[in-house]
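Reviewing the structure listed below.
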Amino acid sequence: MTSVAQILKTMEYGPAPESDAGAQAWLDKHRRSFGLFINGEWVEGHGEAFDSLNPATGKKLATLAQATAADVDGAVKAARAAQSAWAKKGGAGRARYLYALARLVQKHSRLFAVLETLDNGKPIREARDIDVPLVARHFYHHAGWAQLLASEFPDHVAVGVAGQIIPWNFPLLMLAWKIAPALAAGNTVVLKPAEDTSLTALLFAEICHEAKLPKGVVNIVTGAGETGRAIVAHDEIDKVAFTGSTEVGRAIRLATAGTGKKLTLELGGKSPFIVFESADLDAAVEGVVDAIWFNQGQVCCAGSRLLVQESVADRFIAKLKMRMENLRVGDPLDKGTDIGAIVSRKQREQIAEKVARGVREGAVLFQPERACPEGCFYPPTLLTNVEPASVLAQEEVFGPVLVSMTFRTPTEAAALANNTRYGLAASIWSEDINVALDLAPRIKTGVVWVNCTNQLDASAGFGGYRESGFGREGGREGMFEYLKLKTPKGMSAGLAPSTEPVLRESDAIDRTAKLFIGGKQARPDGGYSRAVFAPSGELLGQVGEGNRKDIRNAVEAAQKAESWSNTTGHARAQILYYVAENLSARRSEFVARIRAMTGTPKGQVQKGVEATVRRLFTYAAWADKFDGAVHNPPLRGVVLAMNEPMGVIGIACPDAAPLLAFTSLWAPAVAMGNRVVIVPSEKHPLAATDFYQVLEASDMPAGVVNIVTGGRDELSKTLAEHRGIDAMWYFGPNGKAIEQASADDLKRTWIGESRDWFDDSAEGREFLRRATQVKNVWIPYGA
Ligand code: NDP
C-alpha cells in the first residue's frame, strides 16, 4: 500500500497559469507598435524598428522604435526645457507626483507584473510578489525624500538632466531605482530601457501621463547600445546613471572622462554565499535557492560562489542537490514555476558556453534529472571541484549556475570571498552571531546579508566596491548621487603676491627635501630633484623628483598600514589633535616658509596657518562622529549602514593655499581611516615637506601619510592607474587624463574644482563622504 508520505513525494503540481489577457489587450490597444516617449508625447523613432520577443515562446510581442542620436537629442532638449520648472516645484511639490506614480504602479500592478513576465521570462510569482511591490515602495520612499529635501539636503540642488541606461534583468525595478531619486531631487530624465525588455518602461510612460507629470520630465527612448551611447555622449546630459555589464560601464567611464558629467555605475558581481558549520543548513539551502535561482540567476548580486565550511560540505551539497531536484523550470506564467525563461537566446548560449568551458577545465557538473523545456530555458546547475582562480569562479555567468568551493577557517573564507575583482554583495550563514559579525567587516562588498540573501529595499543604499562600480542607489546616499552643492565658492585664495620684502631661510638652498614614505624620509628613486622658486625667481630650495617607482613604494607602504583602518575613531582623533598641536607650536616657521614660496602678505598667510590648525581640530572632532545609520526596511531585520574607509586614497593637491589645501585633503581621509599617498602642490611643495617633522613628532603611524613631491600630473596618472589605490582625488586642470587612467579598475575619482580653501565649505561632510563608502549589513532583528 502506498503511504501518504510517498504520495506527497510523488505528487505533481497541477497547472496554475496566470492569464495574460490583460497584457495582450494592452499590446493590442497599441497595435503592438510603440514610438518614443518624448516631451509627454508618443513620437516616431528615426532608426530601424525592432521586435520585442517573449523569450519563453519566441513569439513576437511588439515592434519598438529605435531612437537615433537625433531622437536622443530631442529627448534631452525636452528634458532640459522642463528641468527648471520641475526644480522650482520644490520637494513638496514633486513629492505629490512621486506619490501619484507609486499609487498608479499599485493600481496597475498585475498588468505590470504580467507584461514583465511576458517580456523578460521571469516567473510571474517573482514579478508579482517582488519586482512590482519593490517598484511601488521605491516611489513611495522617494516621495518622502522629495518632501524632506530642503531640510535634509540643505545647500544642495538638482544636478540637471540625467541620462539613465538600464539592463534587462529587472526592467521595471531598475527604472524605478533610476527615476524615483532623480525626480525627487529635481532632475529630469532621459531613460533607455534594454533592447530586450522595454515594454514595462513604455507602460510606465503611460502612467506618467496618467499622473499628469509635466511634459519632458520623463522621456523614454527605446533602442540598442547605440542609443545608450548617444545619451552618454550628449553634451547636455549632466549625469549618467548606468546599470549593466562591467565592460560597458568601463566604456562609459572613458566616454565621460573630463566632461564633468556626474556618474554612477552599478555593474557586475561574483558574490560569495558563505555557509559555516554553525549555520542552520536547511535554511541556508533555501537561501541558496533565493541567491542563485531567483530570476534565473540573472541578478547582479546573485550568490553565485558557494563557499562551504569543509566539515559540513558533503552534507550541505547533498541537501542542496535534493532541493535542486524539486525546482520547477518552465512556463513563466505558471504560478508554480520556480525558474522561468532566460532573457534571450544569446544569453542562454553564453551561459551554456561558460558552463561547457568550466567542465573542460575540470569542474564536476550537476543538473537535476527533471526535464528542462526546450528553447530559452536553462536548468539549475551546480559545479563542484572548481578552482578559485578558474574562469567559472571569477567571471559572471549571469544564469542559474552555482560554483562551489570549501574553506576551513573564517580567515580562509574571507580570503576566498575577497578573491575577485568584484565587490557587490556577500551572504553569510551562521547561527553564531560572533562568527557572522566578525566576518562581515572583513568582506569587501557594498552589501552583506547575514542569514538572508538578495534583500533589497529603497531605504538601504545598494552598490559595489571595486569593479562592481561606484555610487549607491537607494537611501540617503542614493539621493546625493542626483544632487550637487548649490554654489561653487570663488577661486582659491591665498595667492595674491606681496610687495613686502620676503624673508628666506638661510640654509634653504643647501637642503634637498626628500620624499616621505612609510614614515621615513626617502631619497627619490631617480636621484633627481626639482628646484622651488620664490615669485621673484629666487631659488628657495630643492625637493625630490618622485617617479613611478616612488609611487609604487608609497602605495606599498600605505597598504601595509592597513591596521589604521581598523583603529578606533577615538585613537585617530587623538593623533590628529596631536598633529594640530605640533603644527600650532611651529606656526611662525610655516608662515615664513609659505610667504617665501608664494609671496602672499603675512597677515593672509598667518590666517591660512591658523585655519590649517583649526581644520585639523575639526577632523579630530569628526574622527569618531561620522557615524553610519540603522535602516528599518519593511521586513524582519535591520540594515546597518556602515561608513567604511575607501582604503588607500591617492591625492593630488592644487597649488593654491599650499598648506591649507594639502591638510584639507589628507586630514578627512585619514580621520576616516584611510591611508594616503599625497602629491603636494607642485609649485609650492616646501610646506608639505616641512610637515614631515610635524607628522613624525605626532606619533602618526608609519605609512598612513605618504608624501611624494614632483610633477603633479605625471604622478597623479601613475596613482590613478595603480590597482593598489582605491580612490583618487585630483585638484588640477587635467581631470580628463585622470578619469581615463582610472577606468581600468573603475577607481572612484574626485576631480576637484578650484575653491576657496578658507571657506567653511572646504571642510566637513562633503569631504567625509568622499573618504568613505557605505557598506549595508542586513541582520536579523526583532520578531
Ligand atoms: P550591457 O551592459 O550591454 O547592457 C546594459 C544596458 O546598456 C542596455 O540598456 C544596453 O542596451 C546598454 N548599452 C550597451 N552598450 C552600450 C554603450 N556602449 N553605451 C551605452 N549603453 C550601452 O549588458 P548585456 O545586456 O549585453 O549583457 C551582457 C552581460 O552583462 C550579461 O551576460 C551579464 O553578465 C552582464 N549584465 C550585468 C547586469 C547587472 O545588473 N550588473 C545587468 C545586465 C547584464 P541594449 O540592451 O539595448 O544593448
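The values are calculated or read from the model by the stated rules, or taken from the named source; none is laboratory data. Computed from a prediction, not measured in an experiment: that's the story for all the values here. Note that each Cβ is placed from the backbone with ideal geometry, even for glycine, and that neighbours are counted across all protein chains shown. For accessibility, only protein heavy atoms count, side chains too; no ligands or nucleic acids. Shrake-Rupley method; radii C 1.70, N 1.55, O 1.52, S 1.80 Å.
Please go through the range 510-521 and pick out each residue that is of a type outside the set (K, R) and either surrounded by 14 or more Cβ atoms within 10 Å (Cβ to Cβ) or in a loop (DSSP other than H, G, I, E, B) (or both).
T512, A513, L515, F516, I517, G518, G519, Q521
Return the residue satisfying two criteria in turn: it lies in the range 331-365 and is under 30 Å from M11 (Cα atoms) and over 34 Å from the mean Cα position of the chain (by Cα), and of such residues it is nearest to the ligand (Cβ to nearest atom).
Ranking the candidates gives D331 first.
Is it the case, given these coordinates, that A720 is among the small types (G, A, S), assigned to a helix (DSSP H, G or I), open to solvent by 10 Å² or more (accessible area, probe 1.4 Å) and at negative phi?
Taking the combined requirement at face value, the residue does not satisfy it.
Could you list, ordered by first residue, the pairs with Cβ atoms under 7 Å in which the first is in the range 267-282 and under 24 Å from R421 (Cα atoms) and the second is among the charged types (D, E, K, R), at least 6 apart or interchain?
Within 7 Å, the pairs are L267/E467; G268/E396; G269/E396; K270/R305; K270/E396; S271/R305; P272/R305; F273/R305.
Please go through the range 381-397 and give me each residue that is open to solvent by 40 Å² or more (accessible area, probe 1.4 Å), part of a loop (DSSP other than H, G, I, E, B) and of a type outside the set (D, E), ordered by number.
N385, P388, A389
Restricting attention to the range 564-575, does a residue exist that is in contact (Cβ under 8 Å) with a residue 60 or more places away in the chain, surrounded by fewer than 23 Cβ atoms within 10 Å (Cβ to Cβ) and of a type in the set (V, I, T)?
yes
Return the only residue of A629, A652 being modelled with pLDDT of 95 or more, aliphatic (A, V, I, L, M), buried (at least 24 other Cβ atoms within 10 Å of the Cβ) and out of contact with any Pro (no Cβ under 8 Å at 6 or more places or on another chain).
Among A629, A652, only A652 is modelled with pLDDT of 95 or more, aliphatic (A, V, I, L, M), buried (at least 24 other Cβ atoms within 10 Å of the Cβ) and out of contact with any Pro (no Cβ under 8 Å at 6 or more places or on another chain).
Checking N553 against (1) open to solvent by less than 50 Å² (accessible area, probe 1.4 Å); (2) touching a strand residue (DSSP E or B) at 6+ places or on another chain (Cβ under 6 Å); (3) not β-branched (V, I, T), which test does it fail?
(1)
Could you please find all residues in the range 690-717 being surrounded by fewer than 24 Cβ atoms within 10 Å (Cβ to Cβ) and in a helix (DSSP H, G or I)?
D690, Y692, Q693, V694, L695, E696, A697, R712, D713, E714, K717 - these are the residues of the range 690-717 that are surrounded by fewer than 24 Cβ atoms within 10 Å (Cβ to Cβ) and in a helix (DSSP H, G or I).
For the range 179-296, list the strands (runs of 3 or more DSSP E) that sit wholly inside it and hold at least 1 residues that are open to solvent by 10 Å² or more (accessible area, probe 1.4 Å) and within 13 Å of the ligand (Cβ to nearest atom); which are they?
Those strands (runs of 3 or more DSSP E) span 188-192, 239-243, 262-266.
Scan the range 26-43 for residues that are at negative phi and surrounded by fewer than 11 Cβ atoms within 10 Å (Cβ to Cβ) and jot them down.
D28, K29 - these are the residues of the range 26-43 that are at negative phi and surrounded by fewer than 11 Cβ atoms within 10 Å (Cβ to Cβ).
Does the range 662-671 contain any residue that is open to solvent by 10 Å² or more (accessible area, probe 1.4 Å) and either assigned to a loop (DSSP other than H, G, I, E, B) or in contact with a Leu (Cβ under 7 Å, 6 or more places away or on another chain) (or both)?
no
Only one of L320, L306 is part of a helix (DSSP H, G or I) and open to solvent by less than 10 Å² (accessible area, probe 1.4 Å). Can you tell me which?
L320
Taking the range 323-359 as the search range and keeping residues that are assigned to a loop (DSSP other than H, G, I, E, B) and open to solvent by 60 Å² or more (accessible area, probe 1.4 Å), which one is nearest to A56 (Cα to Cα)?
Looking at the filtered set, the residue picked out is D331.
Report, by residue number, each residue of the range 28-42 that is out of contact with any Phe, Trp or Tyr (no Cβ under 8 Å at 6 or more places or on another chain) and closer than 24 Å to T68 by Cα.
H30, R31, R32, S33, F37, I38, N39, G40, E41 - these are the residues of the range 28-42 that are out of contact with any Phe, Trp or Tyr (no Cβ under 8 Å at 6 or more places or on another chain) and closer than 24 Å to T68 by Cα.
Can you find a residue that is open to solvent by 10 Å² or more (accessible area, probe 1.4 Å), assigned to a strand (DSSP E or B) and either closer than 30 Å to D280 by Cβ or polar (S, T, N, Q) (or both) anywhere in the range 747-768?
Yes, the range 747-768 has at least one match.
Does I165 count as within 16 Å of the ligand (Cβ to nearest atom) and either without any contact (Cβ under 8 Å) to a residue 24 or more places away in the chain or more than 20 Å from the chain's Cα centre (by Cα) (or both)?
no
How many residues does the range 423-470 hold that are crowded, with 23+ Cβ neighbours inside 10 Å, part of a loop (DSSP other than H, G, I, E, B) and of a type in the set (G, A, S)?
8
Would you say L402 is touching a residue at least 12 places away in the same chain (Cβ under 8 Å), under 30 Å from H138 (Cβ atoms), within 19 Å of the chain's Cα centre (by Cα) and within 16 Å of the ligand (Cβ to nearest atom)?
In short, no.
Could you list, in sequence order, all residues of the range 609-625 that are in a loop (DSSP other than H, G, I, E, B) and surrounded by fewer than 20 Cβ atoms within 10 Å (Cβ to Cβ)?
D624, K625
Do we find that T772 is hydroxyl-bearing (S, T, Y), touching a residue at least 12 places away in the same chain (Cβ under 8 Å) and touching a helix residue (DSSP H, G or I) at 6+ places or on another chain (Cβ under 6 Å) in this structure?
Criteria not met by T772.
Could you please tell me which pairs satisfy a Cβ distance under 9 Å, a separation of 6+ or placement on different chains, a first residue in the range 47-73 that is free of Cβ contacts under 8 Å to residues at least 60 places away in the same chain, and a second residue that is aromatic (F, W, Y) and surrounded by fewer than 22 Cβ atoms within 10 Å (Cβ to Cβ)?
Within 9 Å, the pairs are T63/F50.
For the range 409-426, how many residues meet the condition of being among the β-branched types (V, I, T) and either within 16 Å of the ligand (Cβ to nearest atom) or over 12 Å from A440 (Cα atoms) (or both)?
2
Which pairs have Cβ atoms under 9 Å, sit 6 or more apart or on different chains, and link a residue in the range 204-229 that is in contact (Cβ under 8 Å) with a residue 60 or more places away in the chain and within 26 Å of A95 (Cβ to Cβ) to one that is in a loop (DSSP other than H, G, I, E, B) and within 16 Å of the ligand (Cβ to nearest atom)?
Cβ pairs passing all conditions: I220/P193; I220/S198.
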